[in-house]
Amino acid sequence: MSVSVRDEDVADAAGGREEGRRRRSVALLGSLLRPVRGPAWGTVLLVVAAQGAQVAGPALVAAGLDRGLPALRDGDPVPLLLAAGGYVVTALLGGVLTAATVRASARVSQAILLDLRRRVFRHTQLLSLEFHERYTSGRIISRQTSDLDAVRELLDGGITTLATSGLAMLLTAASLTVLDWRSGAVLLVAVIPGAILTRWFQTRSQVTYRRSRTASARLIVRFVETMTGMRAVQAFRREAAERRRYGDRAEEYRSANDAAIRLNGVFDTGLTLIGNLTVATVLVVGGLRVLHGGIDVGVLVAAVLYARRFFAPLSQIGMFYNSFQSANAALEKLATLLAEEPTVPAPQHPVALATPRGDVRFEAVEFGYGTGPVVLPRFDLHLPAGRTVALVGETGAGKSTVAKLLARFYDPRHGRVLLDGVDLRDLDPADLRRAVVMVTQEAYLFSGSVAANIALGRPGATRAEIERAARAVGVHDLVASLPAGYDTLVDKRGVRLSAGQRQLVSFARAFLADPALLVLDEATSSLDVPGERLVQDGLRTLLADRSAVVIAHRLSTVMTADRVLVVARGRVVEDGSPDELVRAGGRFAALHAEWRASVGGAGLV
Amino acid sequence: MSSSSLWRLREWARPALARVALGGLAGLGASLLALAVPQVLRVVVNGPLLSGGHSGAVVLAAGLVAALGLLEAFFVWSRRALIASPGTTVEREMRTALFAHLLDLPMAFHDRWAGGQLLSRAMSDLSIVRRWMVFGLAMMVVSVATTLVGVGLMLATSWQLGLVYVAGAVPVVWLGFRFRQDYKVVARRARDQAGDLATTVEESVHGIRVLKAFGRGDDALEDFAQQADELRSTEIVKARTLSRITFALGALPELVLALSLGVGVWLASAGDLTVGDLVAFFATAAVVNTPVERLGQLLAMTMDARTAADRYLEVMDTVAALTDPARPRALPEPPAAGTRVELSGVHLRHAGQGAGTPDVLDGVDLVLEPGETLALVGLTGTGKSTLLSLIPRLLDVTDGSVRLDGVDVRDVGRAELRAAVAVAFEDPVLFSASVRENVLLGTPGLSDAEAEERARGALEVASASFVEDLPDGMDTVIGEEGLSLSGGQRQRVALARAIAVRPRVLVLDDPLSALDVATEAVVTERLRQTLTGTTTLVVAHRPSTVALADRVAVLQDGRITAVGRHTDLLAEHAHYRYVLTAMTEPAPDSAVGVTR
């Protein structure tokens, strides 16, 4: 998973359709900001006001010295009280406004994040399986976790810090210029090396940042791989070798961090240097003018204080530059994901199917995955309602493809798949899901209780109904023996079920859903023989009067079907009841003979 | 424990201590120099500026400020330069020490600990410790020293103004610390909720087929949106806490300055204070404000580092329960007929097992005769895989013994034992390396030609002909960082890996479960030929795998209830028949078991 993510990062860095990506990400940002326009502008005003209050300090100090002191000596306390009182007011105001900024910006950024999270989640759910298989789960997950985190980090503190710092510098410079334009001019000159240094730092830090991120990803991959494979590492005495490999990666990471710390050190040093030299220059320029009576001492003091303040925010900007960069990249990737169109679109005018029977017809269906080769060439098939049909054939013969087309995980390239005479592409999605349920080899359980996992088949089912489903597939005794019965959690914090047990639970799910057509794709592969038998007994009741398509390697499952289709290279090559096919002596008969031999005795089914 | 955990880190930090201390001194120097600038300012204001002195003095003073500034910059640079390497080196040493320790801990430990818990200790906790060591520790000393010196200077300049400042600074430090503690609680909650949200995302992606098959996408979105909204509320609470810190740290120091302005100008008008003193006071306050505000943050950082150190030491303090014997015995030369494996009176109980439950293995007696292949059959969850793990000593027996050619496995060094016993697991883990390296994982020190022949032979037996079709054949990199193989392909590579060792004892855990019927038949036939002379124990779920074996042992309720030939057992042993063919009802107490 981490590999594909990295490949994509590389591809992104390489450029390509750069323009389009940027446009999309700007458009996404715009659409995210539109609903929170009002509060966003309010936050901007708060930031400006807060900075204004903060920047007034040195000017008030100057006023206190230059006006308050002489006036007080003359017995007039009013100017001093005004200056000090003004300072108190701006201090409180500054504090309140800054605090309000923090709250307001959190409200705005959290609203944006919630919106973005929902959009991405909904969109990935809408996208077809073809997309999920092509894009890989790892990348979809990292879009929704680490990329959203990058955006969050920027929104969380980055934007306000950037705005506040930038504004603080601007206002400081403006105040100084208003106070004494000559000192302002000195500051303006000092901005040039400051800007050059910051630009240099940005470029360099981007490189070190990437390097450190890559190194940490590689280190994590090694760690995770070794921990996951610990059994094999110890069994094959790989401890020393793994220690060496990990040590190398740890050194890579260390040296990347070392470089990053040093780079920051150079930047900080440069800022300190420029700041101090500016103070010295302001002091000499201002001091000489005080001597000649050009300005008052208070103004000089204020100028020195402003000059000291001016460069401090730059180090903040430098720190947030990286988060700005990664958020920008993340936003581009998210915009690209959101621009994906589902290849299995919902019908424009959905046809309802209130009481499905489960009659299936493939009419001249041609199918291949993506732009790949044809897997099913002109496939015609009629499965009358109420029968159990087994599909048999080698891996890659096209059995699973038939199952996926039935569940409309994909649409055919040509031809139609009909359920009770309705093209699946026109069928109301809700009715389709009620009518057709597919159980696959990987029995996925969601974290939550066993009951909740079974109830996924029919939300709102009562406990009694859930239990009945569990009994029907023979998993009730197992569930009852768990620490909290049906309320036992099945996740990392709870009980870990074996692959076979998970398959039983997912069978109960399908049983509860009670569809007109049940599709089983290798759904019994992880069960041991007694478990498989239990499921078969349950299926016999479930399938008594409905349609089923069963795909299985194990002949024990196939032999219970009404009809068997042997598929090879996307075509049906044998068709008949199990007994007929065994008698006919074709491929199926050969498979059957092998299986009988391995069970090792007559009379065993 | 926790108060001493940071102190205990000196074990790893010792080589770096000298440079960290020097770096701290540099930091201190920088801070003190920054404090010297206002003093120059004071002299200039009081001297030439107010008493109409000459311009040369002003230029000289400015030159002095510039020189001090240069020196300060130099110190700022030295601090980072001095601490960066030793700090990151200590982090690396701690990290590799943790990794080495984890490699030494037995499977019983790894089964209990979630991978994420270990990863977060290896990555983020150690980063926190490093940041504290590189930045926090030194800055703590520097900030305290700077504050003390600065406050001293202010008091010396004017004790009244100094007192005003101290009265303001104490609550700033305290509030800064206090609020950060509150903040950490909310921040922790937000992190947990974000973690849960990530889990929901992961499940919605991994379970996409289920969600689509049942049309439950909207329900999933609803759950997700609700969770995301909870996270949003927590983030808002977090911002509210943060805004309190911001208010306290933003307004208090400025209020102190406002008060000082009033008091200072009043004092100056009374002649108790010069204008230069007042200027110096404000300039000093501007310098000292930074470390004062930082102290609260540094205290919080130290607390975090302590928690991180605790979490790290928690793992490092875990004593490996399964170690090499003090004086390891060597295994005897392998007998010509093959190695004899003997399990007698073996009991095994997992650490977390509830009282009153029977042992997983409850007195197993089993002998593998030299060179024979024995199949182990039992229901899911009866402890077959656990039993296999005892032979290469990935687990230790709770009671009883496992012997190879008469030697207890606990008396042999782990490396020697595991060279003699090779395993293929049901769920095979391959490593990010070429197919060749994966197959030759357990056979170091072969010549190139030998290695080539060994790898080809092993892959041949495992019917892994698909390897030839991979982009770079045997040199194709597979695993997490390379090409991903299907379950059946991985199983065959893992099987080849075990065969390539040419071990005395081969242990196979349902090695063909992911293969289709035709491939399974081919592999079974080749294995039968290859295994002659190698004592083999194989777990089987299907009759086709049993076909590999000379004899079969039935594991039932923690004991071996029968050993014999497949056909005989099928005829005579009811439970065996039930396990392999599901014929006849099981006894009520031996229903499908639960793995915890």
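The values are calculated or read from the model by the stated rules, or taken from the named source; none is laboratory data. Note that the structure is a prediction, hence the values are computed from the model and not measured. Reconstructed Cβ throughout: ideal geometry from the backbone, glycine too, with neighbour counts over all protein chains shown.
Would you please name the residue that is nearest to the other protein chains (Cβ to nearest Cβ), looking only at residues in segment B:194-227 that are farther than 22 Å from A:Val519 by Cα and β-branched (Val, Ile, Thr)?
B:Val201
Kindly state which helices (runs of 4 or more DSSP H) lie completely within segment B:400-470 and contain at least 2 residues that are more than 9 Å from chain A (Cβ to nearest Cβ) and surrounded by fewer than 16 Cβ atoms within 10 Å (Cβ to Cβ).
Filter on segment B:400-470 gives B:448-461.
Rundown of residues vs (1) in contact with an Asp or Glu (Cβ under 9 Å, 6 or more places away or on another chain); (2) part of a helix (DSSP H, G or I); (3) among the aliphatic types (A, V, I, L, M), yes/no style:
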residue	(1), (2), (3)
A:Val221	yes, yes, yes
A:Arg244	no, yes, no
A:Glu252	no, yes, no
A:Gly270	no, yes, no
A:Leu288	no, yes, yes
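Quick one: which of B:Ala81, B:Ala61, B:Ala67, B:Ala21 is modelled with pLDDT under 90 and either touching a strand residue (DSSP E or B) at 6+ places or on another chain (Cβ under 7 Å) or more than 8 Å from chain A (Cβ to nearest Cβ) (or both)?
The match here is B:Ala21.
Criterion first (part of a helix (DSSP H, G or I) and in contact with a Leu (Cβ under 8 Å, 6 or more places away or on another chain)) does A:Val151 satisfy it?
yes
Need the failing condition index for A:Leu456 against (1) touching a residue at least 60 places away in the same chain (Cβ under 8 Å); (2) closer than 29 Å to A:Pro384 by Cα, just the number.
Result: A:Leu456 passes all but (1).
Given the condition at the interface with chain B (Cβ under 8 Å from one of its Cβ atoms), modelled with pLDDT under 90 and within 30 Å of A:Ala327 (Cα to Cα), answer yes or no: does some residue in segment A:53-64 qualify?
Yes, that holds for at least one residue.
Just give me the residues in segment A:559-571 being farther than 17 Å from A:Gly538 by Cβ, among the hydrophobic types (A, V, I, L, M, F, W, C) and modelled with pLDDT under 85, in sequence order.
A:Ala568
Quick check on my filter: what residues within segment B:252-311 are modelled with pLDDT under 80 and basic (Lys, Arg)?
B:Arg294
Would you check if there is a residue in segment B:134-143 being under 22 Å from the mean Cα position of the chain (by Cα), buried (at least 22 other Cβ atoms within 10 Å of the Cβ) and closer than 30 Å to B:Ile245 by Cα?
Yes, some residue in segment B:134-143 is under 22 Å from the mean Cα position of the chain (by Cα), buried (at least 22 other Cβ atoms within 10 Å of the Cβ) and closer than 30 Å to B:Ile245 by Cα.
Hey, could you check segment A:322-358 for residues that are assigned to a loop (DSSP other than H, G, I, E, B) and β-branched (Val, Ile, Thr) and say which is farthest from A:Leu113 (Cα to Cα)?
Filtering first and then ranking leaves A:Thr355.
Just a yes or no: is a residue in segment A:303-315 more than 30 Å from A:Ala62 (Cβ to Cβ) and among the hydroxyl-bearing types (Ser, Thr, Tyr)?
No: segment A:303-315 contains no residue that is more than 30 Å from A:Ala62 (Cβ to Cβ) and among the hydroxyl-bearing types (Ser, Thr, Tyr).
Considering A:Arg122, A:Arg134, A:Arg107, which residue is closer than 29 Å to A:Thr401 by Cα, touching a residue at least 24 places away in the same chain (Cβ under 8 Å) and surrounded by fewer than 23 Cβ atoms within 10 Å (Cβ to Cβ)?
A:Arg134 is the lone residue from the list that is closer than 29 Å to A:Thr401 by Cα, touching a residue at least 24 places away in the same chain (Cβ under 8 Å) and surrounded by fewer than 23 Cβ atoms within 10 Å (Cβ to Cβ).
Which one of B:Val377, B:Val360, B:Val367 is modelled with pLDDT of 90 or more, in the same structural domain as B:Thr561 (by TED's automatic domain parsing) and either more than 26 Å from B:Asp550 (Cβ to Cβ) or buried (at least 20 other Cβ atoms within 10 Å of the Cβ) (or both)?
When all the criteria are applied, what remains is B:Val377.
Would you call A:Arg210 more than 12 Å from chain B (Cβ to nearest Cβ), buried (at least 16 other Cβ atoms within 10 Å of the Cβ) and either at negative phi or part of a helix (DSSP H, G or I) (or both)?
On the way: more than 12 Å from chain B (Cβ to nearest Cβ): yes; buried (at least 16 other Cβ atoms within 10 Å of the Cβ): yes; either at negative phi or part of a helix (DSSP H, G or I) (or both): yes.
Considered against the rule, which asks whether it is more than 12 Å from chain B (Cβ to nearest Cβ), buried (at least 16 other Cβ atoms within 10 Å of the Cβ) and either at negative phi or part of a helix (DSSP H, G or I) (or both), A:Arg210 comes out as yes.
Looking at (1) under 33 Å from the mean Cα position of the chain (by Cα); (2) at positive phi, which is the one condition that is false for A:Ala510?
Unmet for A:Ala510, out of (1) under 33 Å from the mean Cα position of the chain (by Cα); (2) at positive phi: (2).
Do you know which residues across segment A:420-440 are within 14 Å of another protein chain (Cβ to nearest Cβ), buried (at least 18 other Cβ atoms within 10 Å of the Cβ) and in contact (Cβ under 8 Å) with a residue 40 or more places away in the chain?
A:Leu427, A:Asp428, A:Asp431, A:Leu432, A:Arg434, A:Ala435, A:Val436, A:Val437, A:Met438, A:Val439, A:Thr440
Take the conditions closer than 28 Å to A:Leu555 by Cβ, over 32 Å from the mean Cα position of the chain (by Cα), assigned to a helix (DSSP H, G or I) and basic (Lys, Arg) and apply them to A:Arg361. Does it pass?
On the way: closer than 28 Å to A:Leu555 by Cβ: yes; over 32 Å from the mean Cα position of the chain (by Cα): yes; assigned to a helix (DSSP H, G or I): no; basic (Lys, Arg): yes.
Judged against the criteria, A:Arg361 is not a match.
Does segment A:261-272 contain at least one residue that is small (Gly, Ala, Ser) and under 21 Å from A:Arg67 (Cβ atoms)?
For segment A:261-272, residues small (Gly, Ala, Ser) and under 21 Å from A:Arg67 (Cβ atoms): absent.
The rows are residues; the columns are (1) under 22 Å from A:Tyr306 (Cβ atoms); (2) more than 10 Å from chain A (Cβ to nearest Cβ); (3) crowded, with 20+ Cβ neighbours inside 10 Å; (4) in contact (Cβ under 8 Å) with a residue 12 or more places away in the chain.
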{"position": "B:Leu257", "(1), (2), (3), (4)": "yes, no, yes, yes"}
{"position": "B:Gly262", "(1), (2), (3), (4)": "yes, no, yes, no"}
{"position": "B:Asp272", "(1), (2), (3), (4)": "no, yes, no, yes"}
{"position": "B:Pro291", "(1), (2), (3), (4)": "yes, yes, yes, yes"}
{"position": "B:Leu295", "(1), (2), (3), (4)": "no, yes, yes, yes"}
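Residue by residue through segment A:379-409, note down the ones that are loosely packed, with under 15 Cβ neighbours inside 10 Å and either on the phi < 0 side of the Ramachandran plot or away from chain B (no Cβ under 11 Å) (or both).
The answer is A:Asp380, A:His382, A:Pro384, A:Thr395.
Looking for something in the same structural domain as B:Leu161 (by TED's automatic domain parsing), closer than 30 Å to B:Ala351 by Cβ and of a type in the set (A, V, I, L, M) - is there at least one such residue anywhere in segment B:301-311?
Checked against the condition, which is being in the same structural domain as B:Leu161 (by TED's automatic domain parsing), closer than 30 Å to B:Ala351 by Cβ and of a type in the set (A, V, I, L, M), segment B:301-311 yields at least one hit.
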